[in-house]
Amino acid sequence: MSNLKDILARLMLAAFLSCCAGAGMGTAAAGPLYSVRIDTATLGSGPAYLGLYFLGLADAAPASATVSNLAGALDGTADVTGTIAGALPGPLVFSNANGGSELVQGITLGGVFSFDLTFLMTAGEVGSTFSWALFNETAYLGADGNLGMVSLQPGAAPGGAYLLTNASAASSVQVVPEPATMWLMLAAIPLAMLARRRRMRHLP
């Protein structure tokens, strides 16, 4: 009877792994969630701009970037180039078609700005990049260029690779695992405990 329960537990885990793997085998692959935080307390005061850029070459694999929960002292209406669906505070869905899309939003310096970022990418060989920057009328703020960037490389690994570059102390990024990964971890815990309990019972 004990052996039967062990076998059933292993079959349940195998079935769960199979379902999770199958969920990611479609035409598009989702990456992790990036939680971006930009602290402008040391960058002065007054008006400035937050730029969000999703750029791809002409032959880049079709992809989208979704920005949600954009928070902070936003000022006025955003200037949009390319294809971006949605409205602030999000979700805003950026397309990498025809070279990409960008959003420039007026802000007031002195506080914290934050947003969540996720991607959906199809198969292909050429990647895209999503970056964020702060600037005023004369110069970049916090870094000599982008504060941070995520590179999507669809040919680098199954489902693509997501490479994070954080170039400034003013910007911090927390990477949250994919929902499927978190569910897998949560489901595996009771199964692992059950297997451990079974092993403990057989110890002398």
(message) Condition first: farther than 21 Å from SER68 by Cα and in contact with a strand residue (DSSP E or B) (Cβ under 7 Å, 6 or more places away or on another chain). Now tell me which residues in the range 36-47 satisfy that.
(response) LEU43, GLY44, SER45, GLY46, PRO47
(request) Go through the range 129-160 residue by residue and tally those that are of a type in the set (S, T, N, Q), in a strand (DSSP E or B) and modelled with pLDDT of 95 or more. (result) 2
(message) Can you find a residue that is within 21 Å of the chain's Cα centre (by Cα), part of a strand (DSSP E or B) and among the hydrophobic types (A, V, I, L, M, F, W, C) anywhere in the range 72-79?
(response) no
(message) For the range 81-102, which positions are in contact (Cβ under 8 Å) with a residue 24 or more places away in the chain and assigned to a strand (DSSP E or B)?
(response) LEU92, VAL93, PHE94, SER95, GLY100, SER101, GLU102
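The values are calculated or read from the model by the stated rules, or taken from the named source; none is laboratory data. Please read all numbers here as calculations on a predicted model, not as lab measurements. Every residue, glycine among them, receives a Cβ derived from its backbone with ideal geometry; neighbour counts consider all protein chains shown.
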